[in-house]
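The values are calculated or read from the model by the stated rules, or taken from the named source; none is laboratory data. Just so it is clear, the model here is predicted, and its values are computed rather than measured. Here the Cβ positions follow ideal geometry from the backbone for every residue, glycine too, while neighbour counts run over all protein chains shown.
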Amino acid sequence: MLNGFHGLRLVIAKLTPQWIELLEMLFGLPLRINFRAYAENLECGESRDSTVLRKTRVGYLRMSSVRIDLDRAIVLGITPHGDNSRIVKVLSRSLGVVALWVPLGSGKKRQLGMWHPGALLEISGLQRKGSEGLLRFKEARRAYLYEQLVTDVKRSSVAFFLSEVVMKTFPDESAHPELLDLLWETLQNLDTVAQTGWVHVRFLGQLISHLGLAPTGHLRNERDGLDLQTGEWQQGVLEDEDHFGPKLARVFVFWTLDSSSLEDPFVLNSEERRKLVLGQVRYLQHHLSGPRTIKSYEVLESVFSS
């Protein structure tokens with residue numbers, strides 16, 4: 001006899017694309033690809049625990065209880081919760097964006113310095129009973145010790161910006177292991193590279209590519225612009241926050257290529273650079289969760305312009 005979850009997968013697999021689109025709208029899923037993943041990947045499902053998570057090629061569906069022995073996580077944001085605890089949003093490789101209850105301890109065991117945006121951690125004994133409430137853990141330790149990021153204001157501002165983008169763009173408990181891996185590598189590079197001005201731009205471009213969201217199709221002519229809401233090329237586009245003209249459209253596509261490097265071949269003034277970065281963020285949000293303001297960008301911009 002089929003269990004409920006497997007039965008749901010079989011039902012979805014038989015639906016037409018039109019019905020899948022309708023279900024997506026009815027349920028209000030922020031990630032359009034989740035339903036399609038079940039329809040297209042019946043043989044790709046796997047489970048660590050049939051009562052915990054079930055995985056598809058693109059992510060996990062939210063289940064009830066959670067129990068994970070060891071996981072990688074990146075700190076995204078911290079909210080004080082009394083004198084001796086914090087609620088910490090992290091990007092977990094297995095779970096996506098989740099909230100942890102973090103006791104800070106006291107005296108010599110106090111661990112406040114470990115919990116900052118961009119911190120790379122290994123967490124053991126991650127668990128939650130039931131579908132509501134904060135996750136708890138047995139132990140957390142640094143997986144990488146920064147040398148420059150925590151003391152260099154430019155590097156720190158980039159880490160804060162990337163952390164906020166991820167936290168405000170990806171819905172809770174929707175796992176994207178490729179996102180964790182890309183952000184992990186980017187933060188390590190941010191700690192060591194000589195030039196940091198394009199690190200966040202390349203991360204956003206590569207993330208768009210890794211998620212399969214890069215614009216497709218060929219340019220009809222050199223005057224084509226890009227619609228950030230649809231990812232389609234358009235002629236005679238009027239530039240605004242959701243539309244790039246020909247120059248920025250080509251810069252945007254360049255950063256989605258595997259061959260892109262931190263040595264940017266394009267010359268952009270400060271306003272063009274601002275439009276590019278915010279356009280990359282809006283492009284992701286249009287396709288994943290809906291536009292939200294990234295407050296740390298103003299700090300990032302002021303730091304690099306000073």
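Observations
- Selection status of residue 227, farther than 21 Å from residue 168 by Cα, out of contact with any helix residue (DSSP H, G or I) (no Cβ under 8 Å at 6 or more places or on another chain) and surrounded by fewer than 16 Cβ atoms within 10 Å (Cβ to Cβ): no
- Every listed requirement among (1) within 30 Å of residue 194 (Cβ to Cβ); (2) under 13 Å from the mean Cα position of the chain (by Cα); (3) among the acidic types (Asp, Glu) is met by residue 147 save one, (2).
- Scanning the stretch 119-157 for residues that are surrounded by fewer than 14 Cβ atoms within 10 Å (Cβ to Cβ) and part of a strand (DSSP E or B) returns 124, 139, 141, 142.
- For residue 276: the one exception among (1) touching a strand residue (DSSP E or B) at 6+ places or on another chain (Cβ under 9 Å); (2) assigned to a loop (DSSP other than H, G, I, E, B); (3) under 15 Å from residue 207 (Cα atoms): (2)
- When the stretch 230-262 is filtered for residues that are among the small types (Gly, Ala, Ser) and either surrounded by 15 or more Cβ atoms within 10 Å (Cβ to Cβ) or more than 22 Å from the chain's Cα centre (by Cα) (or both), the ones remaining, listed by number, are 231, 236, 245, 249, 260.
- Some residue of the stretch 233-249 being over 26 Å from residue 189 (Cβ atoms), part of a helix (DSSP H, G or I) and acidic (Asp, Glu): no
- Filter result (more than 19 Å from residue 285 (Cα to Cα) and hydroxyl-bearing (Ser, Thr, Tyr)) within the stretch 153-172: 156, 157
- Condition check for residue 275: surrounded by 14 or more Cβ atoms within 10 Å (Cβ to Cβ) and basic (Lys, Arg): yes
- Evaluating residue 267 against the criteria (1) assigned to a loop (DSSP other than H, G, I, E, B); (2) crowded, with 18+ Cβ neighbours inside 10 Å leaves one unmet condition, (2).
- Scanning the stretch 231-272 for residues that are out of contact with any strand residue (DSSP E or B) (no Cβ under 8 Å at 6 or more places or on another chain) and small (Gly, Ala, Ser) gives 231, 259, 260, 261, 270.
- Boolean, residue 287 is under 18 Å from the mean Cα position of the chain (by Cα), within 24 Å of residue 77 (Cα to Cα), crowded, with 19+ Cβ neighbours inside 10 Å and at pLDDT below 95: yes
- Scope the stretch 254-294; condition farther than 19 Å from residue 226 by Cβ and in contact with a helix residue (DSSP H, G or I) (Cβ under 7 Å, 6 or more places away or on another chain); matching residues: 262, 270, 289, 292, 294
- Pairs where the first residue, in the stretch 118-129, is at pLDDT 95 or above and the second is of a type in the set (Asp, Glu), C-beta under 6 Å, 6+ apart: 123/71; 124/139
- Qualifying residue in the stretch 189-201 (condition: crowded, with 17+ Cβ neighbours inside 10 Å, in contact (Cβ under 8 Å) with a residue 24 or more places away in the chain, part of a helix (DSSP H, G or I) and under 13 Å from the mean Cα position of the chain (by Cα)): yes
- Qualifying residue in the stretch 86-100 (condition: basic (Lys, Arg), at pLDDT 95 or above, surrounded by 13 or more Cβ atoms within 10 Å (Cβ to Cβ) and not in a loop (DSSP other than H, G, I, E, B)): yes
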